[in-house]
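Note sheet for the following structure.
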Amino acid sequence: MPKLTLDDLRKIQEKSRRMTMLREGAGKAKITVHMGTCGIAAGARDIMVAFLDEIEKKDAKDVIITTSGCAGLCSREPMATVELAGQAPVKYVDLTPEKARTIFTDHVLKGKIVMEYALALGSERTF
Amino acid sequence: MISLKIDGKLVKAERGATILQAAQKLGLEIPTLCHHPALEPYAACRICMVEVIKERKSELVTACNTAVQQGMTVWTKSNRALAARKMNLELLMARAPKVKIIRAMAAEYGIKKIRFPVENPEEDCILCGLCVRVCESVVGASAICFANRGSDRTWSKPFDKASDTCIACGVCTYLCPTGAIQMEAETAQQFRERPGEHRECRYSLMGILPYALCANSFRCAQCEVDQRFRDHMDTHPIFVARNCDLESVSAYHEFLKRVRKE
Amino acid sequence: MKTYRSYCMVCAGTACVSNRSFHIKEALEREIEKQGLQDEIAVVTTGCNGFCAVGPLVVVHPEGIFYQQLREEDIPYVVEEHFLKGRPVKRLMYSPPGEQTPIPKMNDIGFFKQQRLIALRNRGLIDPERIDEYIARDGYFGLAKALKMKPREIIQEIKDSGLRGRGGAGFLTGLKWELTRKAKSNGGKFVLCNADEGDPGAFMDRSIVEADPHSVIEGLIIGAYAIGANQGYIYIRNEYPLALKRLIIALEQARNYGLLGKDILGSGFDFDIKIVRGAGAFVCGEETALMASVEGRLGEPRPRPPFPTEHGIWSKPTNNNNVETWANVPSIIRRGAQWYSQIGTETSKGTKVFSLVGKINNTGLVEVPMGITLREIIYDIGGGIPHEKAFKAVQTGGPSGGCIPAELLDLPVDYESLSEAGSMMGSGGMVVLDEDTCMVDIARYFLSFTQDESCGKCTPCREGTKMMLHLLKKITEGKGTEEDLETLEQLAHEVKETSLCGLGKTAPNPVLTTLRYFRDEYEAHIKEKRCPAHVCRQLNTYRIDPDACTACGLCRKECPEDAISGGKKQPHLIDQQKCVKCGICFDVCKFEAVCID
């Protein structure tokens, strides 16, 4: 009896797909959480945790999550930018973990922009 | 059979034969130093270099180990072959300037001046490896070996100690082309003069005789085993080398096996 | 598997490790934990990234931010600024020599931009000590594919790919496999991986094994299956402790997964690999000597034929390829011969790994498509020569290769072009020499290496290289005559023609190529007793420039022969009668007042 079959190889590969994708930097969607001092003070960390939790729960392997500095609109923090490959980035403001989860499900996964939380469209493309 | 041309003469040789063997068939002499018919080719002295032309490409090869090929053209005294041979002889002259065989060869090839410094004028070993190889592959004793690397290479005994596997057969001395290997009189003497009844002779060391069983109280001159070697085989380690071919080596090894079983 | 948002790839190749990269790794882990980011950011140690000149280095994914020359004290700042606040730290990024603007992303840096990675495809992207990460990047899928093919088809695929041996001679790999497959054996065949890399300044194979040991193992299994071997050997030099350690781990993991052993992937094919450690003899890189060493005998070459494909380890047919060749095999099988053969030139397909060392800005390991010019490698990838010095020559192929001069910089790098120029591809060492290099001295240096490493079996290599070295020393000491030069040339030619193995056959190459391209330097040493590059100290005349001398007295104090006179506020003077030309005054003078005439 062989210890390992081709199917097992595939399973190992599938399990590590998110890791591979991150290292190759080739995700389908990118979420940038703004982590300036203002952002952190306003609870950006909770937003980050919410996004990471969603990625894990929904098993969304192709989503890159990253941080950036202050976006210059400190009064509307916490903020995040969602960018789907080939589309204009969308900036969301005044976030809460619940809003983040909605954005994740609707925009990141389904491609539907959550208009009520969005600030602007098409600014500051980052990838 | 394979036909080839050596120095313009057509010759037929068996498949697997070397250029050296084919040339000898024609009576052409290719000089060698490290070669012996009773041993596998070693190709280390690089004196037997000849020029081979095949498919319009010319290359230098050693005659002692290169197999003949159909349609091959060999030149044993082309300028290229001679230049190679001369350079290696000159290098060997610088290594061992006193050695007769090297001096004679150098003279034959018209080498008058040695352009290289002589490190040790008393050096007499040219590292042809005949002693080491015959002791390993014919005698089966491996009592002589090489030590060190590169220009420090030298012949030695394992761990630089008097070897306890040496059976004092003397075949190394017989093959040595320069006289560098001398059987120490003591080694031979040891076998004859070991005291007591429980001692080993060369045959017990080789596993042919059981330990300490000697019919004539270690008087080696009257050795029965020696006599049996001669009667059965007309051979003995030293005579194998004299018989000069690989077949007698394997016959000898077969014989050894048989006597060991008895 | 944990869901991280970012991976921090710490280079743990030998060069970065000796620059304390393991300390950097620990500091990273410590600081990440301090900031509470341990569930978001993972720290991974990888094999050699290649850009050894700027190590220790860390690449942060997914952004691909390249941090270089890190010190432990930089780490808290990096973690807080970049990982916590999302502001990559500019001052730790790489800026090309002479430029101010840093380049944040690894793939935008010139050193990486022109590279094409096949043998090194996983470098910096996986932890070499985790087989799952190799599998994640398509590892062992080539094997799975191969095991479904017929051995004949695999050999055909390798033949069609045009892959040639990366160890030096460039023999067609597929053809060698076919010869071994067809060879008759009365009890098994072997595959062998030569990891006894020994050229000074070459570290291709070490880096491949350190960064991606499974690629070599997978290649060996595929080769063994194609050839019909059930036992493999990897002969690796013991001076590569990190590579050895990772190889042992990798073999163990492959065995645990059943990728080595019985019935591999359910194919019915059995195969395992043993490691044999070399004891540091350069000549054991020669395949017949290597095989003697595997058998436990003295590492000495023997005449060929018989070739190893018929008569190898324990007299059984043996297929020997070097590390880089084996590492190319999985990708060729997985992606097909056609894909591979599109890369490179007509006769030299695929890519080649080179180690760039010597007088070059970007010291490191590069993999480039065959046919790229030397100029592109040295200037575009290598970043040119430091301190704006002029390029003089590049030594390719290590001590067995030759020096290629500036006028041949546009030479395409492939097997044929390099050997026409008198050098060779070799295993891929590239030593760059600048205007301050004396070519006679370089020839002497490389020859002293091969002379020392000669096994001493055959006359020309043992005696000939010794005499060549003697003549070169004479010339660099200013005692050479025109007759010596003639003798040297003749001797070099005969050693090349008549030596038994590759070591002796190639040892004269540095001498022959420098004679071919830099004969004037030899003549300057002999006729004018002058070393144009001021390297050969015995030919230098040291003089103190009275205008530049500050009378500090340092040279006077250091001179071992008391040849320097002078007092306070008095320019110093060298007594040429007493001077032994040791050059110490030149080395110690802080004001560049000691000149060489």
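The values are calculated or read from the model by the stated rules, or taken from the named source; none is laboratory data. These numbers come from a predicted model, not from an experiment. Every residue, glycine among them, receives a Cβ derived from its backbone with ideal geometry; neighbour counts consider all protein chains shown. Note: accessible area is taken over every heavy atom of the protein model, side chains too, but ligands, DNA and RNA are not part of it. Shrake-Rupley method; radii C 1.70, N 1.55, O 1.52, S 1.80 Å.
Just to be sure I understand: of the beta bridges DSSP finds with both ends in the stretch C:131-341, what percent are antiparallel, rounded to 5? Show your work: numbers first, answer last.
On the way: 2 of 20 bridges.
That works out to approximately 10 percent antiparallel.
Taken as Cα centroids, the stretch A:11-87 and the stretch C:92-146 sit 23 Å apart, rounded to the nearest whole angstrom.
Entry for the stretch C:351-434 at q = 0.15, 0.17 Å⁻¹: log10 I(q)/I(0) = -0.42, -0.55, Debye formula applied to identical alpha-carbon scatterers, no solvent contribution.
Spin-label model, C:Thr347/C:Ser448: points 7 Å from Cα along the beta carbon direction are separated by 3.6 nm.
Can you give me the accessible area per residue for chain A, using a 1.4 Å probe, in Å²? Intermediate values should be presented prior to the final figure.
Details: 5840 Å² over 127 residues.
Normalised by residue count, the accessible surface of chain A is 46 Å².
Note that chain A carries a Kirkwood radius of 15.3 Å, evaluated over its alpha carbons pair by pair.
The stretch B:31-55 and the stretch C:532-560 have Cα centres separated by 55 Å. If you average the C-alpha positions of the stretch B:144-171 and of the stretch B:82-96 separately, how far apart do those two centres end up, in angstrom? About 25 Å separates the Cα centre of the stretch B:144-171 from the one of the stretch B:82-96.
Between C:Asn230 and B:Ser58, what FRET efficiency follows from the Cβ-Cβ distance if R0 is 30 Å, with the result rounded to 0.05? Can you show the working numbers first?
Numbers: r = 42 Å, r/R0 = 1.40.
The calculated FRET efficiency here is 0.10.
The Stokes-Einstein estimate for chain C, based on a Kirkwood radius over Cα pairs and taken at 20 °C with 1.002 mPa s viscosity, is a diffusion coefficient of 82 µm²/s.
Restricting attention to the stretch C:80-165, which GluC sites (Glu not before Pro) occupy a DSSP loop and are surrounded by at most 15 other Cβ atoms within 10 Å? Please list the in-between numbers first.
Values: sites: C:Glu80, C:Glu81, C:Glu99, C:Glu129, C:Glu133, C:Glu153, C:Glu157; in loops: C:Glu99, C:Glu129.
Here the GluC sites (Glu not before Pro) that fit, given the DSSP loop and packing criteria, are C:Glu99.
For the protein assembly as shown, the Kirkwood estimate of hydrodynamic radius, built from reciprocal distances between every pair of different alpha carbons, is 32.7 Å. Fully extending the segment from C:Asn186 to C:Thr101 would add 24.0 nm, taking 0.36 nm per residue of separation and subtracting the current Cα-Cα distance.
Dipole magnitude for the stretch C:439-527: about 280 debye, using +1 per Lys or Arg Cβ and -1 per Asp or Glu Cβ, origin at the Cα centre. Considering only beta bridges that DSSP places wholly inside the stretch C:1-158, some 60 percent are antiparallel.
Over chain C, what percent of the accessible surface lies on carbon and sulfur atoms, probe 1.4 Å? Let's see the in-between values first.
Details: 10660 of 22140 Å².
Within chain C, the accessible surface is 48 percent carbon and sulfur.
Note down the magnitude of the dipole of the stretch C:452-597 about its Cα centre, charges +1 on Lys and Arg C-beta and -1 on Asp and Glu C-beta and zero elsewhere, to the nearest 20 debye.
So the magnitude is around 420 debye.
Its Cα gyration tensor gives the stretch C:131-341 an equivalent ellipsoid, and the semi-axes of that ellipsoid, as √(5λ) in whole Å with the largest first, are 23, 20, 17. For the stretch C:441-597, the spread of Cα positions along the three principal axes, ordered from largest to smallest, is 63, 28, 23 Å. Membrane-span-like helices in chain C, defined here as complete DSSP H runs extending at least 18 Å along the helix axis by their C-alpha atoms with mean Kyte-Doolittle hydropathy no lower than 1.6, are absent; this is a sequence and geometry rule, not a statement about a membrane. Helix A:6-15 versus the longest principal axis of chain A: what angle, 0 to 90°, nearest 10, using Cα atoms? The answer is roughly 20 degrees.
Please compute the alpha carbon radius of gyration of the stretch C:291-432, then divide it by the globular-protein estimate 2.2 N^0.38 Å. Two decimals is fine.
1.23
Relative intensity of the stretch C:439-527 on a log10 scale, I(q)/I(0) at q = 0.15 Å⁻¹, equals -0.46, per a Debye sum over C-alpha point scatterers of equal strength in the absence of solvent. Rounded to 0.05, the FRET efficiency of the C:Ser18 and C:Asp108 pair, given R0 = 35 Å and the Cβ-Cβ distance, is 0.80.
Per residue, how large is the accessible surface of chain C? Use a 1.4 angstrom probe and give square angstrom.
On the way: 22140 Å² over 597 residues.
So chain C comes to 37 Å² accessible per residue, rounded to a whole number.
What is the sum of charges, Lys and Arg at +1 and Asp and Glu at -1, for the other residues whose Cβ falls under 11 Å from the Cβ of C:Val413? Spell out each step's value before the answer.
Working: positive: C:Lys352, C:Arg375; negative: C:Glu376, C:Asp410, C:Asp414, C:Glu416.
It works out to a net charge of -2.
Panel note: the C-alpha atoms of the stretch B:84-191, placed on their principal axes, show extents of 46, 25, 24 Å (largest first). In this simple spin-label approximation, C:Asp575 and C:Arg304 carry label points 7 Å from Cα along the Cα→Cβ vector, and these lie 6.1 nm apart.
With pairing defined as another cysteine C-beta under 4.7 Å, the cysteines of chain A that fail it are A:Cys70. In plain terms, chain C is cut at each of the trypsin sites (Lys or Arg not before Pro) found in a DSSP loop with at most 12 other Cβ atoms within 10 Å, and the longest leftover piece is C:298-567. Counting only residues at least eight positions apart within a chain, or on another chain, the lysines with an alpha carbon under 27 Å from that of C:Lys85 are A:Lys28, A:Lys30, A:Lys57, A:Lys58, A:Lys61, A:Lys91, A:Lys99, C:Lys2, C:Lys25, C:Lys34, C:Lys105.
Panel note: the C-alpha atoms of the stretch C:6-112, placed on their principal axes, show extents of 38, 29, 23 Å (largest first).
When DSSP beta bridges are limited to those with both residues in chain C, what percentage is antiparallel, rounded to the nearest 5?
Working: 34 of 62 bridges.
Among the beta bridges of chain C, antiparallel pairing accounts for roughly 55 percent.
Modelled label positions at C:His387 and B:Thr154, each set 7 Å beyond Cα in the direction of Cβ, lie 4.4 nm from each other.
Based on the Cβ-Cβ distance of A:Ala41 and A:Lys11, what FRET efficiency does E = 1/(1 + (r/R0)^6) give at R0 = 45 Å, to the nearest 0.05? Intermediate values should be presented prior to the final figure.
On the way: r = 43 Å, r/R0 = 0.96.
Working from the Cβ atoms, E equals 0.55.
For the stretch B:70-192, the tally of Lys pairs with Cα-Cα distances below 21 Å comes to 10, considering only residues 8 or more apart or on different chains.
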